[in-house]
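The values are calculated or read from the model by the stated rules, or taken from the named source; none is laboratory data. These numbers come from a predicted model, not from an experiment. Backbone-built Cβ (ideal geometry, glycine too); neighbour counts: all protein chains shown.
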Amino acid sequence: MLKVEKVVKTYETVHAVDGLSFEARPGEIFGLIGPNGAGKSTTIRMIMNVIAPDSGSISFDEKPFSEAMKARIGYLPEERGLYKKAKVEEMLLYLAELKGLSRAEARMQAAPLLERFKLSDWRGHKIEDLSKGMAQKLQFIGSIIHDPDLVLFDEPFSGLDPVSQDLLLEAVLELKARGKTVLFSTHVMEHAERLCDRLLLVCKGRELFSGSVAEIKARHGSNSVQIEFDGDAGFVAGLPGVESVRAYPRWIEVGLKAGASADELLAALVGRLRIKRFELMTPSLHSIFVRLVNDAGAGVDRDGGVPVASSKEH
């Protein structure tokens, strides 16, 4: 189990991470979510001991984190970390050997993974010849080739087409089924809602909420209606009882105010829109995320931090 307790990281006048605590357990996918610049990547870099926290502690299997533990950890960073002039297979073998595998073991592990992720025909090509999505798949393989016990994925679906996303999704779920501890960082709520057992929303380096998706919806959600339609729904946001509208070309998600009736909303729409579907439901994680981040005043700065002068003392 990965345990992070009250970690703080400050850069000059900015709290990039401000007292975060959480646990990621074996056999689950733990989501570290938040807007761009919220402190997610900084937290992962502290877990990986790339940078040290100013205070707080990080442990794995009840032992303080050490460099020796890195052989048991797989890490897919948000930024690309591959040598462009290296050949695909040689890069994988090198990454596996860094984690303690022999060259023979590395070759044995690499072959089926390259086949699975449609990269076998590219094993002799230089990495600079790969597309962005292919390079992302290669980096994913590099993070799991040594069969780690803990895997940290920072925006793993970045740059991938839907087919490749499904390949990675399947692989991540297999890691969970095998009892691995998976930490998954993203700002795409649809991915978090599909994948994660538990979530922690970080904003400006601080926790906004945590729990399972069901718990979060029960605690922070309100009645929501999804409406599929033809016509112009621009007037819906101004209707009585409507708290929020998340709009797409042919459907909207409408958040209702406390005490508002879905029947009254439907009556106000009849004759103004051609309604194809009207469904009362719990709000999406995306809607909750946007509302809570906006309520927190998340004019997130470039580093995702909170000015020290306005933050609590440590």
So Val308 fits all but one of (1) more than 22 Å from Ser210 (Cα to Cα); (2) at pLDDT 80 or above; (3) surrounded by 13 or more Cβ atoms within 10 Å (Cβ to Cβ); what number is the exception? (2)
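Give the number of residues within the range 236-250 that are farther than 14 Å from Pro283 by Cβ, touching a strand residue (DSSP E or B) at 6+ places or on another chain (Cβ under 7 Å) and not charged (D, E, K, R). Steps first, answer last, please.
Just the residues of the range 236-250 that are farther than 14 Å from Pro283 by Cβ, to begin with: 236-241, 247-250.
This time we only want the ones that are touching a strand residue (DSSP E or B) at 6+ places or on another chain (Cβ under 7 Å), so: 236-237, 241, 250.
After this cut, where a residue has to be not charged (D, E, K, R) as well, the list is 236-237, 241.
Matching residues across the range 236-250 total 3.
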With the checklist (1) surrounded by 20 or more Cβ atoms within 10 Å (Cβ to Cβ); (2) under 22 Å from Gly19 (Cα atoms); (3) modelled with pLDDT of 90 or more; (4) out of contact with any Leu (no Cβ under 8 Å at 6 or more places or on another chain) in hand, flag the one item Asp154 doesn't pass. (4)
Which members of the range 257-296 meet the condition of being free of Cβ contacts under 8 Å to residues at least 24 places away in the same chain and not assigned by TED's automatic domain parsing to the domain that holds Asp230? Asn294, Asp295
Return the residue satisfying two criteria in turn: it lies in the range 26-52 and is farther than 21 Å from Phe209 by Cα and in contact with a Phe, Trp or Tyr (Cβ under 8 Å, 6 or more places away or on another chain), and of such residues it is surrounded by the most Cβ atoms within 10 Å (Cβ to Cβ). Met48
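Going through Ser55, Ser66, Ser120 one at a time, which residue ends up being touching a strand residue (DSSP E or B) at 6+ places or on another chain (Cβ under 8 Å) and either of a type in the set (S, T, N, Q) or not assigned by TED's automatic domain parsing to the domain that holds His191 (or both)? I'd like the intermediate steps shown before the answer.
Numbers: Ser66 fails: touching a strand residue (DSSP E or B) at 6+ places or on another chain (Cβ under 8 Å); Ser120 fails: touching a strand residue (DSSP E or B) at 6+ places or on another chain (Cβ under 8 Å).
Ser55 is the lone residue from the list that is touching a strand residue (DSSP E or B) at 6+ places or on another chain (Cβ under 8 Å) and either of a type in the set (S, T, N, Q) or not assigned by TED's automatic domain parsing to the domain that holds His191 (or both).
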Answer residue from the range 279-305, given it is outside any helix (DSSP H, G or I) and of a type in the set (Asp, Glu) and is modelled with the highest pLDDT among those: Glu279
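Going by the conditions given, is Glu215 free of Cβ contacts under 8 Å to residues at least 24 places away in the same chain and out of contact with any helix residue (DSSP H, G or I) (no Cβ under 7 Å at 6 or more places or on another chain)? Walk me through how you get there before you give the answer.
Values: free of Cβ contacts under 8 Å to residues at least 24 places away in the same chain: yes; out of contact with any helix residue (DSSP H, G or I) (no Cβ under 7 Å at 6 or more places or on another chain): yes.
Answer is yes for this residue.
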Sort through Leu113, Leu152 and tell me the only one that's part of a helix (DSSP H, G or I) and within 25 Å of Leu2 (Cβ to Cβ). Leu113
Members of the range 256-278 found to be touching a Gly at 6+ places or on another chain (Cβ under 9 Å), over 14 Å from Asp232 (Cα atoms) and in a strand (DSSP E or B), listed by number: Leu256
Residue in the range 185-193 that is crowded, with 21+ Cβ neighbours inside 10 Å, in a strand (DSSP E or B) and in the same structural domain as Leu20 (by TED's automatic domain parsing) present: yes
Conditions (1) closer than 30 Å to Gly133 by Cα; (2) assigned by TED's automatic domain parsing to the domain that holds Pro77; (3) modelled with pLDDT under 90; (4) in a strand (DSSP E or B); number of the one not met by Arg246: (2)
